[in-house]
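Student: To start, I am sharing the structure in question, which I have written as structure tokens.
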Amino acid sequence: MHGENPAPMSTLADSLQLAVRLVAQGDAELWRIVALSLRVSFTACLLGGLVGLWLGAWLAVARFPGWRAVIWVLNTLLALPSVVVGLLIYLLLSRAGPLGELGLLFTPTAMVIAQAVLVTPLVTALTRRLVIDALAEGGDQLRSLGAGPLLSALLMLLHERRAVLTVGLTAFGRAVSEVGAVMIVGGNIAGVTRVMTTSIALETSKGDLPLALALGAVLLGVVALVNLLIAAAQGATNAAGQRHEVVAA
């Protein structure tokens, strides 16, 4: 029994060595998958961010019948499983669905739509809280100048640019690490819709550990960089707030 142990360890060591080589030597397939992942997630966050920022600013100041129900739905959508989003988008884009004639299923566009739907509630909820806190500090000054509620909320987003950047980075981290929705609507087609998360799942199931490990390392690096940028943006925001308090005093 003791003599059987070195084989798995050797396989793991070989896989790690090959994974490092794939990254270091710039394997074409590896970086094609990475590039598609970043492009899909960035586009999805841009679309979801624009919608989410406006909705969040509006919900921060709007009051209408059923407002509390809308907030409850928004908070519920934050926990919406990605596979459910993928299923809904699949039903819309399939041949039998209302948008089937567009031929978007199993394309990068479908993956962008799925990720945009996923990040929009997150951006909306974070933006709403950001605007509420910002208006509590500087809303009176804007209102005294004649700005309406929605305009005040949008102006606060311009003022809190670093915090908005943090919201965007958080959404990007959510999108780039998502697997369920893009697997369903993208189909994980080689050279067309294979992104990092779906490729890791596929290559692991096939036993191609070097590529899976290499992609996993790159994905961890991207997520780590996003978290580093979030921390830097939050630190800059806190520093600016402290300077403002000192000047005001």
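We did not get these values from a lab; they are worked out from the coordinates using the rules stated. Everything quoted here is computed from the prediction, not taken from an experiment. Heads up, the Cβs are rebuilt from the backbone with ideal geometry, glycines too, and the neighbour counts pull from every protein chain shown.
Student: On full extension of the chain, what length is gained from Val84 through Val223, given 0.36 nm per residue of separation minus the C-alpha to C-alpha distance? Show your work: numbers first, answer last.
Tutor: Values: separation 139, 0.36 × 139 = 50.04 nm, distance 2.35 nm.
Contour length minus Cα-Cα distance gives 47.7 nm.
Student: Relative contact order (percent) for the chain, with alpha-carbon contacts under 8 angstrom and 6 or more residues of separation?
Tutor: 30
Student: Grab the DSSP H runs of the chain that are 4 residues or longer, score each as -39,500 (n - 2.57), total them, divide by all residues and round the 222 nm result to the nearest 500 deg cm²/dmol. Display every interim value, and only then the final one.
Tutor: On the way: 10 runs with 198 residues, N = 249.
Rounded to the nearest 500, it is -27500 deg cm²/dmol.
Student: Need one word for the chain: rounded, prolate or oblate. Basis is the Cα gyration tensor (sqrt eigenvalues a ≥ b ≥ c); a/c below 1.5 gives rounded, then a/b vs b/c decides.
Tutor: It is oblate, given that a/c is not under 1.5 and a/b is not larger than b/c.
Student: To continue, here is another question. Order by neighbour count: Val70, Val218, Val119, fewest other Cβ atoms within 10 Å first, most last. Let's see the in-between values first.
Tutor: Details: Val70 13, Val218 21, Val119 27.
Listed from fewest to most nearby Cβ atoms, that is Val70, Val218, Val119.
Student: For the chain, set up a Gaussian network in which alpha carbons nearer than 10 Å are linked by springs, and say which option among Ala60, Ala147, Ala201 fluctuates the most.
Tutor: Judging by the Gaussian network model, the answer is Ala147.
Student: Give me the distance in nm between label points sitting 7 Å out from Cα along the Cα-to-Cβ direction at Ile132 and Trp31, one decimal.
Tutor: Computed distance between label sites Ile132 and Trp31 equals 4.6 nm.
Student: Once both labels are modelled 7 Å past Cα along the beta-carbon direction, what's the Ser205-Phe64 spacing in nm?
Tutor: The modelled label-to-label distance comes out at 4.3 nm.
Student: What is the angle, in °, between the Cα long axis of helix 6-24 and the longest principal axis of the Cα atoms in the chain? Nearest 10 is fine, range 0 to 90.
Tutor: Roughly 60 degrees between the two axes.
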